[in-house]
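These notes are about the structure you will find just below.
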Amino acid sequence: MIPADDARGLPDGSKVSVEEFLKLEGIYEQTLVHLEELSHQITAATGLNFIELTQNQFDVLLKEQKRIFEPVVKQVGPALLKAYYTNPIVQNGIGVGDKPPFPEGKLVYEGDLELLEPVFIRGPIFRSIES
Amino acid sequence: MVGRNLMLHPLGYVEGLFHEDLGSHLGPQGCCIASHEFYETNEDNDFKRGYSFQVLRGPGPLETAMSGVLRREISWGSTHHEDFGRRFGKIASMTTILEDLPDPENRVTLDQTRRDSRGVPAPRVSYSLGVNTKRMLTHALTNGRKLMQAAGAYKSYAFGPIRETGWHLMGTTRMGVDPSTSVVDSFGRSHDVPNLYVADSSVFVTAGAVNPTSTLQAIALRVADGIAHDFGKIGVR
């Protein structure tokens, strides 16, 4: 459903941990059943083996056999997107990965109060009340 | 009177798609540009009061992908990355906050049947959008799309009210001098129950069309000043 993009260093959708997200959402077992059903239907309709489909064959089938794909796409789709777009390799590939000073964070040496400078400059945020 | 005049902040959402990379997925989520151009009552409109616009950060990668797939603008298969690239970082987002009017029929009551483990009745919220608010929403969404188009968006979306947000709870113990039309006095002190103070947005008489935190903080400080002032007298009122 999501192919690799070598130019951007993006893996294909099978390389991210979609199973974990399916399990997290409690639909893993049900998805397996739907996948098996889909595999049978694809073979019956086209004579092709679902596992061995090329990307082009998959694209064509996805357009032509929307009804057959629908249950799987509806279930797997959101989990796949969550797994894919939270994956660090994918995030780096699309330019939203960790940037300095992350992931190490900003090193603060003992006695260095630079980070508190804006607080010092701002002054107190409380006020005294009349007693 | 307690529990009546519940006001929320019905929200609309407007999105514009641009050809150029806006880097709109970067930065804090909060409002970066605010407009109060349509905040006040305008007699040319078919509604009273008005709304604000708040420009937000655009969606991150996951939200971009999810909404794109949902709208069938990002497909599965070999064009997925191309479709994604056409949207990611190129979406400007804006929200509109509507000023809800006080309506005694919008209210919080005690549920007659549901109780918590200690036997305390659950709150029951009865609320519906008034005609004024619905008209205001239509106006805001139409204007929001116009704004996006004027800014150069080649496509725009607008929808609302957003069910998941805008739940700023206001108005159910309104402030006032007359006990027959209000619950607390100008220092948040209950008209009916001695030494009971309310120090949050429940005392608002109007909702405004902006986030309520600053106002409710100011009111809380005022109530606190009142309590400090009355401290020695507590029990004798």
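Miscellaneous remarks
- Total residues in region A:63-93, condition within 9 Å of chain B (Cβ to nearest Cβ), at pLDDT below 85 and surrounded by fewer than 18 Cβ atoms within 10 Å (Cβ to Cβ): 1
- Among residues of region B:62-84, those that are assigned to a loop (DSSP other than H, G, I, E, B) and modelled with pLDDT of 95 or more, counted: 0
Rundown of residues vs (1) in contact with a Gly (Cβ under 7 Å, 6 or more places away or on another chain); (2) among the hydrophobic types (A, V, I, L, M, F, W, C); (3) within 14 Å of chain A (Cβ to nearest Cβ); (4) surrounded by 21 or more Cβ atoms within 10 Å (Cβ to Cβ), yes/no style:
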{"residue": "B:69", "(1), (2), (3), (4)": "yes, yes, yes, yes"}
{"residue": "B:82", "(1), (2), (3), (4)": "no, no, yes, no"}
{"residue": "B:90", "(1), (2), (3), (4)": "no, no, yes, yes"}
{"residue": "B:109", "(1), (2), (3), (4)": "yes, no, no, no"}
{"residue": "B:115", "(1), (2), (3), (4)": "no, no, no, no"}
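So that you can scan it fast, the table gives a plain yes or no per residue for (1) modelled with pLDDT of 95 or more; (2) of a type in the set (A, V, I, L, M, F, W, C):
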{"site": "B:45", "(1), (2)": "yes, no"}
{"site": "B:60", "(1), (2)": "no, no"}
{"site": "B:97", "(1), (2)": "yes, yes"}
{"site": "B:116", "(1), (2)": "no, no"}
{"site": "B:135", "(1), (2)": "yes, no"}
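- Count of region B:40-70 residues which are in contact (Cβ under 8 Å) with a residue 60 or more places away in the chain and more than 21 Å from residue B:151 (Cα to Cα): 6
- If you filter region B:181-237 down to residues that are more than 27 Å from residue B:10 (Cα to Cα), more than 14 Å from chain A (Cβ to nearest Cβ) and of a type in the set (Asp, Glu), you find that the one that is surrounded by the fewest Cβ atoms within 10 Å (Cβ to Cβ) is B:192.
- The combined condition, being within 27 Å of residue A:87 (Cα to Cα), within 15 Å of the chain's Cα centre (by Cα) and in the same structural domain as residue B:105 (by TED's automatic domain parsing), is fulfilled by residue B:30.
- Checked against the criterion of being part of a loop (DSSP other than H, G, I, E, B), within 16 Å of residue B:5 (Cβ to Cβ) and out of contact with any strand residue (DSSP E or B) (no Cβ under 7 Å at 6 or more places or on another chain), region B:135-157 has no qualifying residue.
- Residues of region A:2-46 that are within 14 Å of chain B (Cβ to nearest Cβ), assigned to a helix (DSSP H, G or I) and among the small types (Gly, Ala, Ser): A:7, A:13, A:14.
The values are calculated or read from the model by the stated rules, or taken from the named source; none is laboratory data. Note that the structure is predicted; figures quoted are calculated from it, not measured. When we count neighbours, we look across all protein chains shown, and the Cβ atoms used for this are built from the backbone with ideal geometry, even at glycine.
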